[in-house]
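Enquirer: Attaching a single structure in structure tokens format; questions to follow.
Rule-based calculations on the coordinates, nothing more; no lab input. Small disclaimer: the values here were computed from a predicted structure and weren't measured. Note that we place each Cβ from the backbone using ideal geometry, even for glycine, and neighbour counts take in every protein chain shown.
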Amino acid sequence: MSALALGDPEPPGQPGRGSAKGPFSVRMPVPPTLRPVARTEDTDVYRLDILPADLELQAGVRTPCLTFGGSFVGPTIRAREGRRVLVTYRNRLPETANVHLHGGHVPADSDGHPMQVIDPGAERRYEYPNRQPGATLWYHDHSHHLEAEHVYRGMHGFYLIEGEDESRLRLPSGEYDVPIAIRDAQFDPNGGLVHGDPAARNVILVNGRSKPWFPVAARKYRLRVLNSSTLRYLKLNFGSLPVHQIGSDGGLLPAPVDRTGTDFPLAAGERLDLVVDFSGLAVGSKAMLTNQGQFTGDDRIEPVLCFTVDRRERDRSRLPGTLRPLPDLPPATVHRELTLSFDLNGTPVGLVNGLPFDADRVDQRIRRGTTEIWTVTNGDTATKYGPIQHSFHLHLTEFRVLDRDGRPPLPGDIGRKDTVPVPPGTSVRLQATFDDYLGRYMYHCHMLEHSSAGMMGQMEIVD
Ligand code: C2O
Ligand code: CU
Ligand code: CU
């Protein structure tokens, strides 16, 4: 296509060559946890290299990837609320890169502004204060025009903030707290990743492996699920396994929500924090996580991850009745309207309110401390390619979804959110308070081929 990456990828089909061992023969890796190089009283200091690596994403085949720290998914950074993290990223790629902490309340010069890139061979230190409630964040490249390809080729990892309130909740922790990144990919016959027509991405990777299995004890697990696709919408389902949603993008919900048997639609960049209970399963039994092709004519349901129960274990963790109250939503004093669309005359250009991204232009000036309502509309109802999906992501702070076209939010909209789907021809109303840092931050469609094509705006928080 057209590089346009409009979306609507086909549901996943058969993995290409190299998966000759057949489905569910490879164990799902858990991304390694990054160790600090130093610790002070109030700070953990890390170093992480951005570098190319040839990795075995499909059994028996090496795939050239762009990585953080040589793994796909990159290493997990585990931070604690109120304890600062400093990360120095060294760019060992032959091209520019940078790092955005998605979901982080961070100073503007640590946000990975698309124009603040790290040159090849150079390094840059980012400061993450972690003065925000515990949540499932992720980091990824955000260098302008390259972010889609960089993330597609592997530049993403988890960043988990543990809230001050979490240890007393006694949720499943340690090896029972498992980050899982799910995304699509297309491989060429030699095992190379093809960043071309999104409709041809027919393999679903779970923590960087196609159709892996994962051994579990018959007990509760906390699973942090991220859709790390650049474009694809997922629709996940755990079958009859008891599943409670305990959090969304910005941290814990007020109380667990029983979502057993329900679908979990997930736009690229969204996260789910879940407690899944395997205790009812016999040792030796299996349970499948499935994905359903979405927004395609073909809605095949495909298993993407097989949990294998291999032992019984004593489970001291809990699923508490209440978790964490949501912060107050002060009354909004400013209203803004944003429309996402494409200019499809010639090379597709992504637009917000009719304009492509321009780093020299500030699109929204926001007074610090203000609470605002943003109405975000998908204007691509009837293009020459048909209706086009979009999503909306805000840097710096979370929002609450108030309604969609005047109707109640979707089940996936609950809690503190930073990324939501915006289907064609619909509007979503969001309320946010901008009370952290001053400076310039992004908001954009998180279908990264769209933001790479310009569907991004810049806001400046001022005093
Ligand atoms: Cu995850 Cu501006 O992005
Ligand atoms: Cu972000
Ligand atoms: Cu879009």
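Enquirer: Divide by every residue of the chain the summed helix terms, -39500 (n - 2.57) for each DSSP H run of at least 4, and state the resulting mean residue ellipticity at 222 nm, rounded to the nearest 500 deg cm²/dmol. Don't skip to the end; give the middle numbers.
Expert: Details: 3 runs with 15 residues, N = 463.
Using -39500 (n - 2.57) per qualifying helix, the result is -500 deg cm²/dmol.
Enquirer: I've got another one for you. Which of the peptides 127-134, 350-357 is most tightly packed, and how do the rest follow, going by the mean number of other Cβ atoms within 10 Å of each residue?
Expert: Result, highest mean first: 127-134, 350-357.
Enquirer: How about the range 319-393: which trypsin sites (Lys or Arg not before Pro) there lie in a loop by DSSP and see at most 16 other Cβ atoms within 10 Å? It would help to have the intermediate numbers written out before the result.
Expert: Working: sites: R336, R361, R365, R367, R368, K384; in loops: R361, R368, K384.
Of the trypsin sites (Lys or Arg not before Pro), the ones in loops of the range 319-393 whose Cβ has at most 16 other Cβ atoms within 10 Å are R361, R368, K384.
Enquirer: Here is a follow-up. Round to a whole angstrom and tell me the spacing of the C-alpha centers of the range 156-222 and the range 411-443.
Expert: Their Cα centres are 24 Å away from one another.
Enquirer: Points 7 angstrom from Cα along the Cβ direction at D299 and D49: gap in nanometres?
Expert: So the label points at D299 and D49 sit 4.8 nm apart.
Enquirer: Given H placed on each backbone N at 1.01 Å, which residues far from I180 in sequence or on other chains put an amide H within less than 5 Å of it?
Expert: R224, V225, L226
Enquirer: Binned at 20 Å from 0, what are the whole-percent values of the Cα-Cα distance distribution for the chain, short to long?
Expert: Once binned at 20 Å, the Cα pair distances of the chain give 26, 62, 13, 0.
Enquirer: Rounded to whole Hz and in sequence order, give me ³J(HN,Hα) for the range 444-456 from the Karplus expression 6.51 cos²θ - 1.76 cosθ + 1.60, θ = phi - 60°, writing x for Gly and Pro.
Expert: 6, 5, 8, 7, 5, 5, 6, 5, 4, 8, x, 7, 8
Enquirer: Take the alpha carbon gyration tensor of the range 334-462, find the square roots of its eigenvalues, order them as a ≥ b ≥ c, and report rounded if a/c is under 1.5; if not, report prolate when a/b exceeds b/c, else oblate.
Expert: On the way: a/c = 2.11, a/b = 1.21, b/c = 1.75.
Oblate shape, in that a/c is at least 1.5 and b/c is the bigger or equal ratio.
Enquirer: Using each residue's phi in the range 147-152, evaluate 6.51 cos²θ - 1.76 cosθ + 1.60 at θ = phi - 60° and report the 3J(HN,Hα) Karplus result to the nearest Hz, with x for Gly and Pro.
Expert: 4, 5, 5, 5, 5, 4
Enquirer: Related question: Would you mind calculating the gained length between A199 and L355 on full extension (0.36 nm times residue separation, minus the Cα-Cα distance), in nm to one decimal? All intermediate terms of the calculation are to be shown ahead of the outcome.
Expert: Working: separation 156, 0.36 × 156 = 56.16 nm, distance 2.65 nm.
In short, 53.5 nm is gained.
Enquirer: Same structure again: What is the gain in length, in nm to one decimal, between A122 and H145 on full extension, counting 0.36 nm per residue of separation less the C-alpha to C-alpha distance? List each step's numbers first, then the result.
Expert: On the way: separation 23, 0.36 × 23 = 8.28 nm, distance 1.97 nm.
Result for the pair: 6.3 nm of gain on full extension.
Enquirer: Separate question: Hey, what did the chain get for relative contact order, percent, Cα under 8 Å, at least 6 apart?
Expert: On the way: 1336 pairs, mean separation 73.3, N = 463.
RCO, the chain: 16 percent.
Enquirer: Once amide H atoms are built 1.01 Å from N in the peptide plane, which residues 5 or more positions from F214, or in another chain, come under 5 Å H to H?
Expert: Result for F214 returns M28, C306, F307, T308.
Enquirer: Out of residues 5 or more away from L57 or on other chains, whose amide H comes under 5 Å of its own, with H placed 1.01 Å from N in the peptide plane?
Expert: Residues meeting the criterion, in which the H sits 1.01 Å from N, are T63.
Enquirer: Roughly how far apart, in whole Å, are the Cα centres of the range 243-278 and the range 371-407?
Expert: Here the answer is 21 Å between Cα centres.
Enquirer: Work out how much length A59 to L410 would gain on full extension: take 0.36 nm times their residue separation and subtract the Cα-Cα distance, in nm to one decimal.
Expert: Working: separation 351, 0.36 × 351 = 126.36 nm, distance 3.83 nm.
Extra length available between A59 and L410 comes to 122.5 nm.
Enquirer: Counting only other residues whose beta carbon sits under 13 Å from that of L438, what net charge do I get with K and R as +1, D and E as -1? Write out the running numbers ahead of the final one.
Expert: Working: positive: R365, R367, R368, R440; negative: D109, D111, D435, D436, E460, D463.
Every neighbour counted, the sum reads -2.
Enquirer: For the chain: lysine pairs with Cα atoms under 26 Å, gap of 8 or more or different chains, count?
Expert: 10
Enquirer: Now for a different question. Can you report the principal axis dimensions of the range 168-311 using only the alpha carbons, biggest first, rounded to whole angstrom?
Expert: 46, 35, 28
Enquirer: Viscosity 1.002 mPa s, temperature 20 °C: give me the Stokes-Einstein translational D for the range 107-216 in µm²/s, with Rh taken as the Kirkwood radius over C-alpha pairs. Display every interim value, and only then the final one.
Expert: Details: Rh = 17.0 Å.
The estimated diffusion coefficient comes to 126 µm²/s.
Enquirer: Please list, by residue number, every one of the trypsin sites (Lys or Arg not before Pro) in the range 215-308 that is coil in DSSP and has at most 13 other beta-carbon atoms within 10 Å. Walk me through the numbers before you get to the answer.
Expert: On the way: sites: R219, K220, R222, R224, R232, K235, R259, R271, K286, R300; in loops: R219, R232, R259, R300.
Sites meeting the loop and neighbour criteria: R300.
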